[in-house]
Amino acid sequence: MKRALSVTSALAVISIFFCVSSAFSVSEAFKKNIYNPGVLKPTDSTLNVSVGDRAPDFSLPSLSGEKISLSRYRGKSNVVLSFVPAAWTPVCSDQWPGYNIVGDIFKKHNAILLGITVDNLPTLHAWTNQMGELWFPVLSDFWPHGAVADSYGVLRSDGTAERALFVIDTGGIIRFIKVNDINQRPKLEELVKALEELKE
Amino acid sequence: MSKIARRMFAVLSVAACWAALLMTIASAEIASPQPGGCLPDFKLPIPENTADKEYLGLTTSGQFNIGQIKAQVIIIEILSMYCPYCQREAPEVNRVYEIIENNLNLKGRIKLIGIGAGNTPFEVQIYKEKYSVPFPVFSDEDFSLHKAFGEVRTPFFIGVTIKPDSTQRVFYAKLGGIDGAESFVKLILRLSGLEQEKKP
């Protein structure tokens, strides 16, 4: 009986390993420049913050050339932090272009979006150029490597970030956290719902 | 060989065969649709939206297959709300719809549908609203259709002829943009053979 269970478990593990779908589509906008890392461990870090906590402040260089700090939005607008694992990878490349067409939803909820990766600025420049003109700032958490991601507890053991969303209200308090399976894109409606709940 | 060792050997052999079988399945890539071939067998939900339902010529509820659409030619766009190329191409694809609908010889004979790869119904609706997409777009939230279509990059256009007996044949399959609405419609007319036929 024990042996039968072991065999069943082994077969189940093998089956999952080989049957996991790639579960992403890639826009032709990126041509053949996307590196596919395969199916990764869904999450690989431990959060350092919780809903209700004050969001750790940071100041990061952005693609526009200016440094952007979280505190500049305090008392002015809600902030959504979108950490994505790495430039030129499948799911990440198809996440921000979606947010790029829903700027009105963010505006409606008095929210700014800050896109963050641990890549350096030149890489981010080349990558985001394929997405068209983005309405939101893109920040580089490259050096000290992943320090901001680490302060939120979303730095993975391989030095990339989790695919994570944080909604921070005008008072600087974290109101929503979603550390998504890195292999999948978070559903837009979950973020929209979190923004709607800021009013409550 | 002892009894235990023989049993262990048998268990490992079964596991190895199982793994080999799964590896074969995983490595057998599904080909994307090709001219001269057929579409994979799939069903879509009959739209609840009356306009979409009437456009497709469907009268019941439940599911339908491509062959049931009341048309001689179907153009399918595999797209994603998150695909910047699809976003850029959307107005031109809408123009294709307009050219067809404004031409009495083509109206009703060629119909367009979109399939939102990995898009939830909410995300499909966002895309439809942002770009005023006049034709039905279906959600493929779990990528099952995208997988059946060979995990093509987006946008991907497929032209299919529908025979009176509901059988279908792919006559066009192309990754990327359509290079202008007018020339695309002409191309579709020529390749589908519709150019030679008079409206019944």
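Rule-based calculations on the coordinates, nothing more; no lab input. Bear in mind that the values here come from a model prediction, so they are computed numbers and not experimental data. For neighbour counting, all protein chains shown are included, and Cβ atoms are generated from backbone atoms with ideal geometry for every residue, glycine included.
Descriptive notes on the structure:
- Taking θ as phi - 60° and the Karplus parameters 6.51, -1.76 and 1.60, the scalar couplings of region B:118-134 work out to x, 8, 6, x, 4, 5, 4, 5, 4, 4, 4, 6, 4, 10, 6, 5, x Hz in sequence order, x denoting glycine and proline.
- Test item: A:94-100 mean partner chain Cβ contacts at 10 Å: 5
- Average beta carbon contacts from partner chains per residue of B:76-83, 10 Å cutoff: 6
- Stokes-Einstein D (µm²/s) once Rh is taken as the Kirkwood radius of chain A over alpha-carbon pairs, at 4 °C in 1.567 mPa s: 73
- Percent RCO, i.e. relative contact order, over region B:32-192, from Cα pairs under 8 Å lying at least 6 residues apart: 31
- D_trans [Stokes-Einstein, Kirkwood Rh over alpha-carbon pairs] for region B:32-192, 25 °C, 0.890 mPa s, µm² s⁻¹: 158
- Span-rule helices in chain A, defined as complete DSSP H runs reaching 24 Å or more along the axis (Cα) with Kyte mean at least 0.0: A:2-19
- With contacts taken as Cα pairs under 8 Å and at least 6 residues apart, chain A reaches a relative contact order of 29 percent.
- Between B:Gly114 and B:Glu77, B:Val137, B:Phe138, the built amide H atoms are under 5 Å apart, and every one of these is 5 or more places off in sequence or on another chain.
- Per-residue packing, averaged as other Cβ atoms within 10 Å, sorts the ranges B:132-140, B:102-110, B:70-78, B:181-189 into the order B:70-78, B:132-140, B:181-189, B:102-110, beginning with the highest.
- Filter on A:Lys178/B:Lys43; A:Lys76/A:Lys187; A:Lys107/B:Lys186 - keep pairs with C-alpha separation over 31 Å: A:Lys178/B:Lys43; A:Lys107/B:Lys186
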